[in-house]
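Input: a single structure, listed below in structure tokens.
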Amino acid sequence: MDSGRIAEHGFLADGHTAALVDRAGSVNWWCPPRFDAPSVFARLLDDRAGHWTIRPEDDFTSERSYLDDTLVLRTVFTTRTGSVAVTDALALEPGARGHEIGLRSPRVLARLVEGLTGEVPMRVEYQPRFEYGRVSAYLVESDGQIHGTAGNCRLSLRANVPMNLGDSEATGRFTARPGTTHHFTLGYAETYGTGLPAVPDADQVVADAVAGWRSWSDLHRDQYQGRYRDEVRRSAIVVQGMTYQPSGAIVAAATTSLPEQLGGDRNYDYRFVWLRDFSLTLQALWLAACPDEANRQFGWVARAMGRIGDAPVPIMYGVQGERDLTEHALDHLTGYADSRPVLVGNDAWRQRQNDVLGSVLDAAWLMRYYLDPMSPEVRHLLHDVADKAAREWRRPDSGIWEARDTERHYLSSKVQCWTALDRAVRFGSRIGDPDDVARWAATRDEIRREVLVRGWNDRLGAYTGAFDSDELDASVLIMPLVGFLPADDPRMRSTMDVVERRLSRDGLLRRWDDDPAGFVICSFWLVSCLAEAGEVDRADQLFAQLAGRVNDLGLYAEQVDQATGEQVGNFPQAFSHIGLIIAAGQLTEAAERVAGGVERTPVPAGTATTEGAHG
């Protein structure tokens, strides 16, 4: 694959999994059962790992867009002889609408080809490769369908054009003319399940997917009325597409092993659910969707975490709450742009990352009115998380960026332990007795004193990434966002200036000095900090720069190369879109404060900047 094509992909979703389609009409990624299942198309990671292409025979240009308020993709190909449209959709359950979409999706990928002008010779290449490209199944034709089975995976392709079968691929040719429509439907089922894959008419799949996605969008059309409404709505649909609907869990990304640096080895599997994302995800859903989605998220996390013991709190899970996500390499794959290893699973699940404690209690505080009356299970969970923060905050950990070398005293982890205890104190008697609350308050204030002294570097004029460190880290920008310090505190404002000057270029903020690319959510954190500091024009300018970094479909990867503008990392990245939504909301609130002449009130130590703001 061309190394510059991560952002050339469109994103399809059905509430269980995702497919990625490039602008040349090739489906290069699909893991039909669920997000983290083995692929049947993985050309994204190796040319030999399977794809399904429908494209003109001759040279072409292409333009594409989502049908309004959907994740149904329409690509228009133009050649010297005419034009043709290909519409791609993952099927939703027929008739599913609103909050029901994605719960029982049939695992069907449909492609609809419509002639627009002139005559356009087209070709089809169908090359399924099972188990991440390890297995090529024999294809057989029966009852007008092409069937292929390998291991526990069965695919059936239905097409209304003639297809020629090889041992492990099928090809076809046809001509698209105005008024003609060509249908392709590919269904998945387990080999030893209850029957053959469903292969409904492609036009019905597309129509039902459009109606289903629009019904969800209609429920939330008026939820967000602030700045950058179109960008927020698109990001909200993307986050919904990243949701495994049976459980309500939102995966970090749809892919594995797309590199942070082309040719590099930091290539991780992001098809899992991180507690770190939890609080921010709920804020984004609160702003751009509705409390129903946020409430489901909280319920899922409470079930997944279970009781808290002496071991480190698991920091990530599978979409149904699985904890063992042991990592292994797929050595048979060359990797995207020769970036190896290609990994399945993620050994970060074994790490101690104390910042997740703050994410859980901050999310609970956000949802506090929906947790009333509080169940005994949730009360115990929050009490135990607070106790864990009080016991563990002095310990080094792997930090927010999941360092794999050694544990350190990361500032962001200390600050988030403060967040956990601050929110626990606010809950008060709802989760603890008076002795608990007093103990939590004392430890919270102790953490604050330590962070203010050992986190500050006089020489740099900034808070640094770890205690007693000389290294900058963009993660310190969370300090105003969780209420640890106001954004206009002199030392915090100096930190923002230094971080932006040293780590930013054209609005893209790297995490640390030798980070190979700008990290999208860090860049949006800077927007939020500037807005909170009252610098609305500057924040608005930076937001506009970042909003222009999406691909033509409004999608972000994890990072953007500061020099080339190329998107890198796993794609699409939920965290990036969540950052956009929250920054837009905070920018809107800050602009309203400025317009209304509302002065920012200094915040006493030990309280958050926005008491009750999310209630």
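The values are calculated or read from the model by the stated rules, or taken from the named source; none is laboratory data. In this text the structure is predicted, and so the values were computed from the model without any measurement. We place every Cβ from the backbone using ideal geometry, glycine too, and count neighbours over all the protein chains shown. Areas reflect the complete protein model, heavy atoms only, side chains present, ligands, DNA and RNA absent. Shrake-Rupley method; radii C 1.70, N 1.55, O 1.52, S 1.80 Å.
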Fill in: Degrees, to the nearest 10: 291-305 long Cα axis against longest axis of the chain
80
Worksheet item: Averaged per residue, what accessible surface does the chain expose to a 1.4 Å probe, in Å²?
Response: 36
Worksheet entry | Size of charge dipole - the chain - debye, nearest 20, with Cβ of Lys, Arg +1 and Asp, Glu -1, no other charges | 600
Worksheet entry | Nearest-ten-degree value, helix 202-219 long axis tilted from longest Cα axis of the chain | 20
Worksheet item: Roughly speaking, what is the centre-to-centre gap between the range 309-352 and the range 239-268 when only Cα atoms are used, to the nearest Å?
Response: 11
Item to complete: Collect residues whose amide H, placed 1.01 Å from N in the peptide plane, falls under 5 Å from the amide H of A466; neighbours closer than 5 in sequence don't count.
Response: L411, E471
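Relative contact order for the chain: what percent, with Cα pairs under 8 Å and sequence separation of 6 or more?
12
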Worksheet item: Calculated from DSSP H runs of 4 or more alone, at -39500 (n - 2.57) each and per residue, what is the 222 nm mean residue ellipticity of the chain, nearest 500?
Response: -10000 deg cm²/dmol
Item to complete: Within 10 Å, count the other beta carbons around each residue, average over each peptide in 165-175, 109-119, 144-154, 271-281, and list them highest first.
Response: 271-281, 109-119, 144-154, 165-175
Item to complete: Provide the net charge surrounding V135, with neighbours chosen by a C-beta distance below 14 Å and charges set as Lys +1, Arg +1, Asp -1, Glu -1.
Response: 0
Worksheet item: How would you rank 305-315, 544-554, 576-586, highest first, on the average number of other Cβ atoms within 10 Å across their residues?
Response: 576-586, 544-554, 305-315
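For the ranges 70-76, 86-92, 264-270, 188-194, what's the packing order if you count other beta-carbon atoms within 10 Å of each residue, average per peptide, and put the highest first?
Put in order of decreasing packing, that is 86-92, 70-76, 264-270, 188-194.
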Response to the item:
Carbon plus sulfur, as percent of the 1.4 Å-probe accessible area of the chain, comes to 46
Worksheet entry | DSSP-loop trypsin sites (Lys or Arg not before Pro) across the range 431-484, with at most 13 other Cβ within 10 angstrom | R459
Worksheet entry | Helix 355-366 axis, angle to the chain major axis (alpha carbon atoms, nearest 10°) | 90
Response to the item:
Given all pairs of distinct Cα atoms, the chain yields a Kirkwood Rh in Å of 25.0
Worksheet item: Under the definition of Cα pairs under 8 Å and six or more residues apart, what whole-number percent is the relative contact order of the range 213-337?
Response: 26
Worksheet item: Can you work out D for the range 60-150 in µm² s⁻¹ from Stokes-Einstein, where Rh is the Kirkwood radius over C-alpha pairs, the temperature is 4 °C and the viscosity is 1.567 mPa s?
Response: 81
